[in-house]
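A.B. asks: Handing you a structure now.
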Amino acid sequence: MEDLGTVKYALGIRITQETNCVTLIQDKLIDQILNEFKMINCRPSSSPFPLNIKYFKKNSELPCTKPPFSYWLAIGLLQYLVQCTRPDLAFSVSFLSQFLESPTESHFNAPDHVFKYLVGTKEYSLKLGQNSIQHNSLLQC
């Protein structure tokens, strides 16, 4: 077995090690996700969830006729970001996960707002230090 040195990138996470802290960032993975959903050049949003839109399912609203795979993929990728380095997305992704069973037409466009937020915040990182855990974003979870 040989020493390969310090880890720099693993599972979509860029790892920077300093003497007192380790920084985790997923900027490359976020770029790949934005490319996958054709959102890389969209205008950024300042919040991960739209404030004035209601996504609750109405009794009269029928399930969408298109396959839900793209919705499932979007929510799954966003959940991975939340679990690794982006706790600021937790509420939005958790809320949108409620509709995985049978998303309607209005739900299919909902992850786009989270993607717009990612465009402006892809450089956010998670810093793990000796004394505390910090999320260096403007939002505090």
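A.B. asks: Considering only residues that are touching a residue at least 60 places away in the same chain (Cβ under 8 Å) and either among the acidic types (Asp, Glu) or outside any helix (DSSP H, G or I) (or both), which ones fall in the range 28-40?
C.D. replies: Here is the first cut: in the range 28-40, the residues touching a residue at least 60 places away in the same chain (Cβ under 8 Å) are 30-31, 33-34, 37, 39-40.
Across the range 28-40, the qualifying residues are Asp31, Phe37, Met39, Ile40.
A.B. asks: Any residue in the range 15-26 that's closer than 21 Å to Val82 by Cα: show its pairings with residues that are of a type in the set (Gly, Ala, Ser) and outside any strand (DSSP E or B) at Cβ separation under 8 Å, as long as the two are six or more apart or on different chains.
C.D. replies: Between residues of the range 15-26 that are closer than 21 Å to Val82 by Cα and residues that are of a type in the set (Gly, Ala, Ser) and outside any strand (DSSP E or B), the close pairs are Gln26/Gly12.
A.B. asks: Still on this model: Filter the range 62-92 down to the residues that are β-branched (Val, Ile, Thr) and part of a helix (DSSP H, G or I), then identify the one that is surrounded by the most Cβ atoms within 10 Å (Cβ to Cβ). Don't jump to the end; show me each part of the working.
C.D. replies: Of the residues in the range 62-92, the ones β-branched (Val, Ile, Thr) are 65, 75, 82, 85.
Of the ones still in play, those that are also part of a helix (DSSP H, G or I) are 75, 82.
Values: Ile75: 23, Val82: 17.
Among those that are β-branched (Val, Ile, Thr) and part of a helix (DSSP H, G or I), it is Ile75.
A.B. asks: Go through the range 30-61 and give me each residue that's at pLDDT below 90 and on the phi > 0 side of the Ramachandran plot.
C.D. replies: Listed by number, the list is empty, since nothing qualifies.
A.B. asks: Would you check which residues across the range 25-41 are touching a helix residue (DSSP H, G or I) at 6+ places or on another chain (Cβ under 7 Å) and closer than 22 Å to Gln130 by Cα and list them?
C.D. replies: To start, the set of residues in the range 25-41 that are touching a helix residue (DSSP H, G or I) at 6+ places or on another chain (Cβ under 7 Å) comprises 26, 30, 33-34, 37, 39-40.
Once the filter is applied, which keeps residues that are touching a helix residue (DSSP H, G or I) at 6+ places or on another chain (Cβ under 7 Å) and closer than 22 Å to Gln130 by Cα, the range 25-41 yields only Gln26.
The values are calculated or read from the model by the stated rules, or taken from the named source; none is laboratory data. These numbers come from a predicted model, not from an experiment. All Cβ positions, even for glycine, are placed from backbone atoms using ideal geometry, and neighbour counts span all protein chains on display.
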